[in-house]
1. So the check is Cβ under 7 Å with 6+ separation or different chains; which pairs have a first residue in the range 160-186 that's within 15 Å of Ala146 (Cβ to Cβ) and a second one that's outside any loop (DSSP other than H, G, I, E, B) and basic (Lys, Arg)?
2. Kindly indicate whether Gln187 is at pLDDT below 90 and more than 16 Å from Lys280 (Cβ to Cβ).
3. Could you grab me the full set of residues in the range 149-159 that are assigned to a helix (DSSP H, G or I) and either open to solvent by 20 Å² or more (accessible area, probe 1.4 Å) or under 15 Å from Leu183 (Cα atoms) (or both)?
4. Any idea how many residues of the range 310-332 are in a helix (DSSP H, G or I) and of a type in the set (S, T, N, Q)?
5. On the given criteria, is Ala231 surrounded by 24 or more Cβ atoms within 10 Å (Cβ to Cβ), among the hydrophobic types (A, V, I, L, M, F, W, C) and over 16 Å from the mean Cα position of the chain (by Cα)?
6. Kindly evaluate Lys221 against the criterion of being open to solvent by 10 Å² or more (accessible area, probe 1.4 Å) and in contact with a Ser or Thr (Cβ under 9 Å, 6 or more places away or on another chain).
Amino acid sequence: MRTISLLKEYLQGINFAKSLCIFLLLIFPNITFAQFKIGDSEYAGILWGENDFLDPEFYQDGSLARSEQDFIVAAGRHWKGAPPPSKASFEYDGKQITNSGIFNNEAVGLLQSADPKKREKAISMLEAGMRFDPSFFAFRYNLGRAYHIEKKYQKAIFQYEYAIAEVPKYYRTYMHLGVLYELLNEQIQAVIYYKKAVELNQFQTEALVLLAEHYIRTDLKNRAQIYIKKALTIDQNSPDAKLGLARLEIMGGRDYYAYKIFRNTDLYDDQGKKRPYNKKFHFYFAETASKIGDYVTAAKEYDELLKYPNDPFFTEFSLKIIERRRDLAKRFAEIKAADEEAEKEGQ
(Lines give C-alpha, C1' and ligand atoms only; values in the text may rest on other atoms or scores of the structure.)
Protein backbone atom coordinates (compact mmCIF):
# COMPACT_ATOMS: atom_id res chain seq x y z
CA MET A 1 0.00 0.00 0.00
CA ARG A 2 1.34 3.41 -0.92
CA THR A 3 -0.63 5.36 1.69
CA ILE A 4 -1.65 4.97 5.29
CA SER A 5 -1.37 1.31 6.21
CA LEU A 6 -2.65 -0.83 9.05
CA LEU A 7 -1.07 -3.94 10.55
CA LYS A 8 -3.87 -6.29 9.55
CA GLU A 9 -2.35 -9.29 11.28
CA TYR A 10 -2.56 -7.31 14.52
CA LEU A 11 -5.38 -4.85 14.02
CA GLN A 12 -7.73 -7.01 11.95
CA GLY A 13 -9.46 -3.85 10.85
CA ILE A 14 -9.79 -0.19 11.76
CA ASN A 15 -9.08 0.96 15.30
CA PHE A 16 -10.88 3.88 16.91
CA ALA A 17 -9.80 5.88 19.98
CA LYS A 18 -11.54 7.77 22.75
CA SER A 19 -10.24 11.06 21.57
CA LEU A 20 -9.02 12.35 18.25
CA CYS A 21 -6.53 15.00 17.41
CA ILE A 22 -7.16 18.71 17.00
CA PHE A 23 -6.47 18.23 13.31
CA LEU A 24 -9.52 16.01 12.93
CA LEU A 25 -11.71 17.98 15.28
CA LEU A 26 -11.18 21.16 13.31
CA ILE A 27 -12.22 19.53 10.05
CA PHE A 28 -14.72 16.99 11.38
CA PRO A 29 -16.16 18.24 14.68
CA ASN A 30 -18.59 15.33 14.93
CA ILE A 31 -16.13 12.44 14.88
CA THR A 32 -17.69 9.30 16.35
CA PHE A 33 -15.63 7.65 19.08
CA ALA A 34 -15.83 3.91 19.48
CA GLN A 35 -13.95 2.95 22.59
CA PHE A 36 -15.87 0.75 25.02
CA LYS A 37 -15.25 -0.70 28.44
CA ILE A 38 -16.33 -4.16 29.57
CA GLY A 39 -15.43 -5.01 33.12
CA ASP A 40 -11.91 -3.74 33.64
CA SER A 41 -10.88 -3.99 29.99
CA GLU A 42 -11.18 -1.46 27.18
CA TYR A 43 -11.70 -2.41 23.56
CA ALA A 44 -11.62 -0.51 20.29
CA GLY A 45 -14.88 -0.80 18.34
CA ILE A 46 -13.45 -3.20 15.79
CA LEU A 47 -11.87 -5.54 18.36
CA TRP A 48 -14.95 -6.98 20.03
CA GLY A 49 -14.23 -10.56 20.95
CA GLU A 50 -10.48 -10.11 21.25
CA ASN A 51 -8.90 -11.05 24.57
CA ASP A 52 -6.70 -8.00 25.00
CA PHE A 53 -6.65 -4.38 23.95
CA LEU A 54 -3.78 -3.91 21.52
CA ASP A 55 -0.77 -1.94 22.61
CA PRO A 56 -0.38 1.25 20.51
CA GLU A 57 3.13 0.12 19.55
CA PHE A 58 1.48 -2.15 16.98
CA TYR A 59 -0.11 0.78 15.17
CA GLN A 60 1.74 2.14 12.18
CA ASP A 61 2.07 5.80 11.27
CA GLY A 62 -1.48 6.16 9.97
CA SER A 63 -4.77 6.01 11.86
CA LEU A 64 -8.35 5.92 10.63
CA ALA A 65 -11.58 6.98 12.32
CA ARG A 66 -15.27 7.19 11.45
CA SER A 67 -17.15 10.50 11.22
CA GLU A 68 -20.70 10.87 12.52
CA GLN A 69 -21.99 10.63 8.95
CA ASP A 70 -20.15 7.31 8.59
CA PHE A 71 -17.23 8.30 6.40
CA ILE A 72 -13.66 7.22 7.09
CA VAL A 73 -11.14 9.99 7.81
CA ALA A 74 -7.38 9.73 8.23
CA ALA A 75 -4.93 11.03 10.83
CA GLY A 76 -1.37 10.39 11.98
CA ARG A 77 -0.06 7.87 14.48
CA HIS A 78 -2.38 7.33 17.47
CA TRP A 79 -4.97 9.63 15.81
CA LYS A 80 -2.74 12.68 16.28
CA GLY A 81 -1.62 15.17 13.68
CA ALA A 82 -1.86 15.01 9.91
CA PRO A 83 -1.84 11.70 8.04
CA PRO A 84 1.63 10.60 6.92
CA PRO A 85 2.63 11.41 3.33
CA SER A 86 2.23 8.76 0.66
CA LYS A 87 5.25 6.86 -0.64
CA ALA A 88 4.40 8.04 -4.14
CA SER A 89 2.25 10.74 -5.69
CA PHE A 90 -0.38 11.16 -8.38
CA GLU A 91 -1.86 14.03 -10.34
CA TYR A 92 -5.40 15.26 -9.90
CA ASP A 93 -6.93 18.37 -11.44
CA GLY A 94 -3.52 19.71 -12.39
CA LYS A 95 -2.11 19.24 -8.88
CA GLN A 96 0.38 16.73 -7.53
CA ILE A 97 -1.15 14.78 -4.62
CA THR A 98 1.50 13.62 -2.19
CA ASN A 99 -0.72 12.80 0.80
CA SER A 100 -3.63 10.45 0.14
CA GLY A 101 -4.90 10.77 3.72
CA ILE A 102 -5.38 14.53 3.46
CA PHE A 103 -6.80 14.10 -0.07
CA ASN A 104 -9.32 11.59 1.30
CA ASN A 105 -10.30 13.95 4.14
CA GLU A 106 -10.90 16.77 1.68
CA ALA A 107 -13.21 14.51 -0.33
CA VAL A 108 -15.08 13.54 2.85
CA GLY A 109 -15.51 17.23 3.71
CA LEU A 110 -17.22 17.70 0.34
CA LEU A 111 -19.40 14.61 0.81
CA GLN A 112 -20.58 15.70 4.24
CA SER A 113 -21.93 18.97 2.83
CA ALA A 114 -24.63 16.98 0.97
CA ASP A 115 -24.33 19.41 -1.95
CA PRO A 116 -24.83 17.42 -5.23
CA LYS A 117 -22.11 19.34 -7.08
CA LYS A 118 -19.65 18.89 -4.21
CA ARG A 119 -20.59 15.22 -4.03
CA GLU A 120 -19.82 14.84 -7.73
CA LYS A 121 -16.42 16.44 -7.14
CA ALA A 122 -15.78 14.19 -4.13
CA ILE A 123 -16.60 11.07 -6.16
CA SER A 124 -14.18 12.20 -8.85
CA MET A 125 -11.49 12.68 -6.20
CA LEU A 126 -12.09 9.30 -4.57
CA GLU A 127 -12.10 7.53 -7.93
CA ALA A 128 -8.75 9.15 -8.77
CA GLY A 129 -7.36 8.23 -5.35
CA MET A 130 -8.60 4.66 -5.67
CA ARG A 131 -6.92 4.27 -9.07
CA PHE A 132 -3.67 5.45 -7.46
CA ASP A 133 -3.95 3.28 -4.37
CA PRO A 134 -6.65 0.60 -4.71
CA SER A 135 -5.60 -0.89 -1.36
CA PHE A 136 -6.40 2.18 0.73
CA PHE A 137 -9.48 1.21 2.74
CA ALA A 138 -10.71 4.78 3.23
CA PHE A 139 -10.92 5.40 -0.53
CA ARG A 140 -12.89 2.19 -1.09
CA TYR A 141 -15.27 2.62 1.84
CA ASN A 142 -16.01 6.29 1.20
CA LEU A 143 -16.52 5.67 -2.51
CA GLY A 144 -18.97 2.91 -1.64
CA ARG A 145 -20.84 5.32 0.62
CA ALA A 146 -20.90 7.99 -2.10
CA TYR A 147 -22.21 5.57 -4.75
CA HIS A 148 -24.87 4.39 -2.29
CA ILE A 149 -26.04 7.98 -1.76
CA GLU A 150 -26.16 8.40 -5.55
CA LYS A 151 -28.26 5.20 -5.78
CA LYS A 152 -25.60 3.48 -7.83
CA TYR A 153 -26.07 0.30 -5.85
CA GLN A 154 -24.07 -2.17 -7.94
CA LYS A 155 -21.09 0.18 -8.05
CA ALA A 156 -21.35 0.64 -4.27
CA ILE A 157 -21.39 -3.13 -3.75
CA PHE A 158 -18.30 -3.48 -5.93
CA GLN A 159 -16.38 -1.00 -3.76
CA TYR A 160 -17.50 -2.54 -0.48
CA GLU A 161 -16.50 -6.02 -1.65
CA TYR A 162 -13.00 -4.69 -2.34
CA ALA A 163 -13.04 -2.90 1.03
CA ILE A 164 -13.76 -6.23 2.72
CA ALA A 165 -10.76 -7.74 0.95
CA GLU A 166 -8.58 -5.00 2.48
CA VAL A 167 -10.11 -4.94 5.97
CA PRO A 168 -12.20 -8.09 6.44
CA LYS A 169 -13.05 -7.51 10.10
CA TYR A 170 -14.81 -4.13 9.90
CA TYR A 171 -18.46 -4.90 10.65
CA ARG A 172 -20.00 -1.73 9.18
CA THR A 173 -18.94 -2.69 5.66
CA TYR A 174 -21.08 -5.81 5.97
CA MET A 175 -24.01 -3.76 7.28
CA HIS A 176 -23.87 -1.51 4.23
CA LEU A 177 -23.77 -4.54 1.94
CA GLY A 178 -26.82 -5.96 3.69
CA VAL A 179 -28.74 -2.72 3.13
CA LEU A 180 -27.70 -2.59 -0.53
CA TYR A 181 -28.75 -6.16 -1.22
CA GLU A 182 -32.12 -5.47 0.39
CA LEU A 183 -32.54 -2.49 -1.92
CA LEU A 184 -31.81 -4.87 -4.82
CA ASN A 185 -34.36 -7.34 -3.37
CA GLU A 186 -31.72 -10.00 -2.82
CA GLN A 187 -32.96 -10.98 0.62
CA ILE A 188 -30.85 -14.07 1.28
CA GLN A 189 -27.63 -12.22 0.54
CA ALA A 190 -28.77 -9.32 2.73
CA VAL A 191 -29.34 -11.63 5.71
CA ILE A 192 -25.92 -13.24 5.22
CA TYR A 193 -24.21 -9.86 5.46
CA TYR A 194 -26.30 -8.68 8.43
CA LYS A 195 -25.42 -11.86 10.32
CA LYS A 196 -21.75 -11.41 9.47
CA ALA A 197 -21.90 -7.88 10.90
CA VAL A 198 -23.45 -9.25 14.10
CA GLU A 199 -20.76 -11.93 14.32
CA LEU A 200 -17.97 -9.36 13.99
CA ASN A 201 -19.37 -6.92 16.57
CA GLN A 202 -21.44 -8.73 19.16
CA PHE A 203 -21.54 -5.89 21.66
CA GLN A 204 -23.47 -3.34 19.61
CA THR A 205 -27.09 -3.41 18.58
CA GLU A 206 -27.34 -1.77 15.15
CA ALA A 207 -26.77 -4.89 13.03
CA LEU A 208 -29.18 -6.89 15.22
CA VAL A 209 -31.91 -4.32 14.68
CA LEU A 210 -31.25 -4.28 10.93
CA LEU A 211 -31.81 -8.04 10.99
CA ALA A 212 -35.00 -7.54 13.00
CA GLU A 213 -36.22 -4.90 10.56
CA HIS A 214 -35.63 -7.31 7.69
CA TYR A 215 -37.89 -9.84 9.37
CA ILE A 216 -40.48 -7.19 10.16
CA ARG A 217 -40.58 -6.26 6.46
CA THR A 218 -40.96 -9.92 5.51
CA ASP A 219 -43.73 -10.35 8.12
CA LEU A 220 -41.75 -12.74 10.33
CA LYS A 221 -42.59 -11.07 13.62
CA ASN A 222 -41.43 -13.89 15.90
CA ARG A 223 -38.02 -14.00 14.30
CA ALA A 224 -37.76 -10.22 14.53
CA GLN A 225 -38.51 -10.42 18.26
CA ILE A 226 -35.57 -12.79 18.77
CA TYR A 227 -33.08 -10.23 17.49
CA ILE A 228 -34.72 -7.29 19.25
CA LYS A 229 -34.60 -9.15 22.57
CA LYS A 230 -30.95 -9.98 21.95
CA ALA A 231 -30.25 -6.29 21.28
CA LEU A 232 -31.98 -5.35 24.54
CA THR A 233 -29.83 -7.81 26.51
CA ILE A 234 -26.75 -6.04 25.13
CA ASP A 235 -28.03 -2.54 25.92
CA GLN A 236 -31.54 -2.00 27.23
CA ASN A 237 -31.18 1.74 26.62
CA SER A 238 -29.97 1.42 23.04
CA PRO A 239 -31.95 3.69 20.68
CA ASP A 240 -31.63 0.97 18.04
CA ALA A 241 -33.13 -1.66 20.33
CA LYS A 242 -35.92 0.74 21.32
CA LEU A 243 -36.54 1.42 17.63
CA GLY A 244 -36.95 -2.33 17.13
CA LEU A 245 -39.48 -2.52 19.97
CA ALA A 246 -41.41 0.43 18.57
CA ARG A 247 -41.43 -1.13 15.11
CA LEU A 248 -43.08 -4.23 16.56
CA GLU A 249 -45.77 -2.06 18.16
CA ILE A 250 -46.32 -0.24 14.86
CA MET A 251 -46.55 -3.59 13.09
CA GLY A 252 -49.32 -4.58 15.54
CA GLY A 253 -51.21 -1.31 14.98
CA ARG A 254 -50.37 0.02 18.45
CA ASP A 255 -49.10 3.44 17.46
CA TYR A 256 -49.58 5.03 20.86
CA TYR A 257 -47.36 2.40 22.54
CA ALA A 258 -44.71 2.95 19.87
CA TYR A 259 -44.96 6.70 20.48
CA LYS A 260 -44.38 6.18 24.21
CA ILE A 261 -41.29 4.06 23.51
CA PHE A 262 -39.84 6.78 21.31
CA ARG A 263 -40.59 9.54 23.83
CA ASN A 264 -38.94 7.59 26.64
CA THR A 265 -35.76 6.85 24.67
CA ASP A 266 -32.73 8.96 25.56
CA LEU A 267 -30.40 9.56 22.63
CA TYR A 268 -27.64 10.73 24.98
CA ASP A 269 -25.50 8.71 27.36
CA ASP A 270 -24.72 9.49 31.01
CA GLN A 271 -21.89 11.82 29.95
CA GLY A 272 -24.22 13.82 27.71
CA LYS A 273 -22.72 12.46 24.48
CA LYS A 274 -25.03 11.49 21.66
CA ARG A 275 -25.25 7.74 21.19
CA PRO A 276 -24.64 6.22 17.75
CA TYR A 277 -28.00 5.07 16.36
CA ASN A 278 -29.95 4.41 13.17
CA LYS A 279 -31.44 7.70 11.95
CA LYS A 280 -34.65 5.88 10.98
CA PHE A 281 -35.48 6.44 14.64
CA HIS A 282 -36.53 10.03 13.80
CA PHE A 283 -38.66 8.93 10.85
CA TYR A 284 -40.72 6.40 12.79
CA PHE A 285 -41.00 8.73 15.77
CA ALA A 286 -42.33 11.47 13.48
CA GLU A 287 -44.75 9.08 11.77
CA THR A 288 -46.24 7.76 15.03
CA ALA A 289 -46.42 11.28 16.50
CA SER A 290 -48.39 12.40 13.44
CA LYS A 291 -50.79 9.47 13.75
CA ILE A 292 -51.69 10.33 17.34
CA GLY A 293 -51.93 14.07 16.65
CA ASP A 294 -48.69 15.33 18.21
CA TYR A 295 -47.73 17.40 15.19
CA VAL A 296 -45.21 19.55 17.06
CA THR A 297 -43.12 16.48 17.87
CA ALA A 298 -43.59 15.13 14.35
CA ALA A 299 -42.25 18.33 12.80
CA LYS A 300 -39.32 18.34 15.23
CA GLU A 301 -38.39 14.74 14.41
CA TYR A 302 -38.64 15.29 10.65
CA ASP A 303 -36.36 18.31 11.09
CA GLU A 304 -33.88 16.18 13.02
CA LEU A 305 -33.88 13.53 10.30
CA LEU A 306 -33.20 16.18 7.66
CA LYS A 307 -29.91 17.00 9.42
CA TYR A 308 -28.54 13.71 8.01
CA PRO A 309 -29.05 14.02 4.22
CA ASN A 310 -26.23 11.53 3.57
CA ASP A 311 -27.82 8.78 5.65
CA PRO A 312 -28.70 5.55 3.78
CA PHE A 313 -32.32 6.25 4.77
CA PHE A 314 -32.52 8.79 1.95
CA THR A 315 -31.80 6.15 -0.66
CA GLU A 316 -35.20 4.69 0.28
CA PHE A 317 -37.05 7.95 0.96
CA SER A 318 -36.86 11.18 -0.99
CA LEU A 319 -35.50 14.19 0.89
CA LYS A 320 -38.29 16.25 -0.70
CA ILE A 321 -40.96 13.90 0.67
CA ILE A 322 -39.59 14.26 4.20
CA GLU A 323 -39.47 18.04 3.80
CA ARG A 324 -43.10 17.97 2.63
CA ARG A 325 -44.16 15.85 5.60
CA ARG A 326 -42.32 18.18 7.93
CA ASP A 327 -44.09 21.20 6.43
CA LEU A 328 -47.49 19.48 6.71
CA ALA A 329 -46.82 18.58 10.33
CA LYS A 330 -45.96 22.21 11.09
CA ARG A 331 -49.13 23.37 9.37
CA PHE A 332 -51.29 20.85 11.25
CA ALA A 333 -49.62 21.91 14.52
CA GLU A 334 -50.60 25.54 13.80
CA ILE A 335 -54.19 24.58 12.96
CA LYS A 336 -54.49 22.42 16.07
CA ALA A 337 -53.10 25.22 18.27
CA ALA A 338 -55.55 27.72 16.73
CA ASP A 339 -58.49 25.35 17.29
CA GLU A 340 -57.49 24.81 20.92
CA GLU A 341 -57.18 28.55 21.46
CA ALA A 342 -60.58 29.16 19.89
CA GLU A 343 -62.09 26.47 22.10
CA LYS A 344 -60.67 28.13 25.22
CA GLU A 345 -62.09 31.51 24.20
CA GLY A 346 -65.49 29.97 23.59
CA GLN A 347 -65.76 28.52 27.08
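The values are calculated or read from the model by the stated rules, or taken from the named source; none is laboratory data. What you are looking at is a predicted structure, and each value in this text was computed from that prediction instead of being measured. Note that each Cβ is placed from the backbone with ideal geometry, even for glycine, and that neighbours are counted across all protein chains shown. Surface accessibility is based on the protein's heavy atoms, side chains included, excluding ligands, DNA and RNA. Shrake-Rupley method; radii C 1.70, N 1.55, O 1.52, S 1.80 Å.
1. Close Cβ pairs (under 7 Å, with a partner that is outside any loop (DSSP other than H, G, I, E, B) and basic (Lys, Arg)) amount to Tyr162/Arg140; Ala163/Arg140.
2. no
3. Correct list: Ile149, Tyr153, Gln154, Lys155, Ala156, Ile157, Phe158.
4. 1
5. It is true that Ala231 is surrounded by 24 or more Cβ atoms within 10 Å (Cβ to Cβ), among the hydrophobic types (A, V, I, L, M, F, W, C) and over 16 Å from the mean Cα position of the chain (by Cα).
6. Criteria not met by Lys221.
Yes or no, residue by residue, for (1) open to solvent by 40 Å² or more (accessible area, probe 1.4 Å); (2) in a loop (DSSP other than H, G, I, E, B); (3) free of Cβ contacts under 8 Å to residues at least 60 places away in the same chain:
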residue	(1), (2), (3)
Phe262	no, no, yes
Thr265	no, yes, yes
Ser290	no, no, yes
Val296	yes, no, yes
Tyr308	no, yes, no
Glu334	yes, no, yes
Ala338	yes, no, yes
Lys344	yes, no, yes
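Listed here are the residues, each with its yes/no results for (1) within 30 Å of Leu319 (Cα to Cα); (2) surrounded by 22 or more Cβ atoms within 10 Å (Cβ to Cβ).
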{"position": "Ser89", "(1), (2)": "no, no"}
{"position": "Gln96", "(1), (2)": "no, no"}
{"position": "Asn99", "(1), (2)": "no, no"}
{"position": "Phe103", "(1), (2)": "yes, yes"}
{"position": "Glu127", "(1), (2)": "yes, no"}
{"position": "Phe137", "(1), (2)": "yes, yes"}
